[in-house]
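Each remark here refers to the structure printed beneath this line.
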Amino acid sequence: MFKLKKLLRSKQLRLVLGIVIAVTVFTLLTLQPTLAFRARPQGDSLLYGKLADTRRLHGGHGVVSNAKVTINSLPPQTTRTDDQGQFWFKGLRDVHYVLKIELPYDHSNIYSFSTNVHGQTGEFFNIANDEEHNLHEIDY
């Protein structure tokens with residue numbers, strides 16, 4: 001018993017315990033964002049939308065099917081548009097989101113749209129409205 005008390009009072013043991021605690025705290029703080037991405041979405045709201053590209057008419061309506069749509073929720077969610085250009089994300093909180101869209105016929109560009117979600121939110125997204133890619137020719 002006397003040796004244990006003497007050991008607990010030693011500077012070396014306190015130093016080792018301090019290092020172990022510091023490493024544990026650092027590890028937990030470092031892994032916390034990684035663990036958050038494995039979590040499920042934590043909200044009751046829904047974002048549904050329709051994607052079109054009025055620069056190119058696909059199927060006569062301008063809707064874009066099979067486009068990859070990713071939302072910056074925690075964790076991020078990815079889906080694809082259906083044959084009518086529709087998509088939806090469930091389990092969202094009522095906050096501002098950014099959507100990244102990759103078109104099936106244009107892999108060189110990623111289009112970005114922002115939206116606010118509150119309850120059931122519906123949006124129409126037109127690729128032609130993205131200013132970076134919405135270049136108009138002017139006839140003189």
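Odds and ends about this structure:
- Screening the candidates 133, 61 for the property of being in contact with a strand residue (DSSP E or B) (Cβ under 7 Å, 6 or more places away or on another chain), exposed (fewer than 15 other Cβ atoms within 10 Å of the Cβ) and at pLDDT below 90 yields one hit, 133.
- Residues (without any contact (Cβ under 8 Å) to a residue 40 or more places away in the chain and within 13 Å of the chain's Cα centre (by Cα)) located in region 69-91: 69, 70, 71, 72, 73, 74, 75, 76, 77, 78, 79
- Filtered residues of region 24-57 (kept if under 17 Å from the mean Cα position of the chain (by Cα), exposed (fewer than 13 other Cβ atoms within 10 Å of the Cβ) and modelled with pLDDT of 75 or more): 42, 44
The values are calculated or read from the model by the stated rules, or taken from the named source; none is laboratory data. What you see is a predicted model; the values in this text were computed from it and never measured. Note that each Cβ is placed from the backbone with ideal geometry, even for glycine, and that neighbours are counted across all protein chains shown.
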